[in-house]
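Working notes for the structure below.
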Amino acid sequence: MCPAFKLFVMLALLALFALSTTLLPLVMAAEQVADTSSNAIFPGGRFYIMPAIFGAAGGGVKFGRTGNQICPVTVLQDYSEAIKGLPVKFTIKQDIGPVIIFTRTLLDISFEYKPGCTESSKWVVIDDVAAPYVAIGGA
């Protein structure tokens, strides 16, 4: 065998090994997200975010006022487990990609409805305060 060919084969095997030990676990670790009835979660569908176990503390999510807010923009969990909260939808951030939501899929979450005092119902993380929280009104 030619030494250049041996070097090529060794480099190809090394690259294959490197890809299989770094990228493959990332792909394999991603699982399809399902609801409590084991149905797949798809972008654009109407869903309620609730505790996975009935009887756990609290119910669904909603928006509400906290602190000195005039407009109800904070995302909150209802105290009552009997309340479903407000429906949300998931949108995949990438323009291309799967139409199935996996655990590592980058998503935008928004309520189906919004208060009249906000521009959008998209969830955003407010982290420039002492206690970060989730709010609505993202662009």
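Quick note: the coordinates plus some simple rules give every number you see, no bench work behind them. Just so you know, these numbers come straight off a predicted model, no measurement behind them. All Cβ positions, even for glycine, are placed from backbone atoms using ideal geometry, and neighbour counts span all protein chains on display.
Simple spin-label model, 7 Å along Cα-to-Cβ: Glu119 to Ala82 in nm?
4.0
Over the Cα atoms of region 88-139, how large are the radius of gyration and the largest Cα-Cα distance (Dmax), in Å?
Cα-based Rg and Dmax for region 88-139 come out at 12.8, 37 Å.
Loop-only check: which chymotrypsin sites (Phe, Trp or Tyr not before Pro) in region 104-138 are DSSP coil with at most 14 other Cβ within 10 angstrom?
Values: sites: Phe111, Tyr113, Trp123, Tyr133; in loops: Tyr113.
Filter output for region 104-138: Tyr113.
Given Cα pairs under 8 Å that are at least 6 residues apart, what percent is the relative contact order of region 31-136?
Working: 208 pairs, mean separation 27.0, N = 106.
Dividing the mean separation by the residue count of region 31-136 yields 25 percent.
Which order results if Ser110, Ser121, Ser80 are arranged by neighbouring Cβ count within 10 Å, fewest first? Display every interim value, and only then the final one.
Details: Ser110 17, Ser121 21, Ser80 11.
Final ranking by Cβ density, sparse to dense: Ser80, Ser110, Ser121.
For region 71-139, run through the GluC sites (Glu not before Pro) and keep only the ones in DSSP coil with at most 12 other Cβ atoms within 10 Å of their Cβ. List each step's numbers first, then the result.
Values: sites: Glu81, Glu112, Glu119; in loops: Glu81, Glu112, Glu119.
Answer by residue number: Glu112, Glu119.
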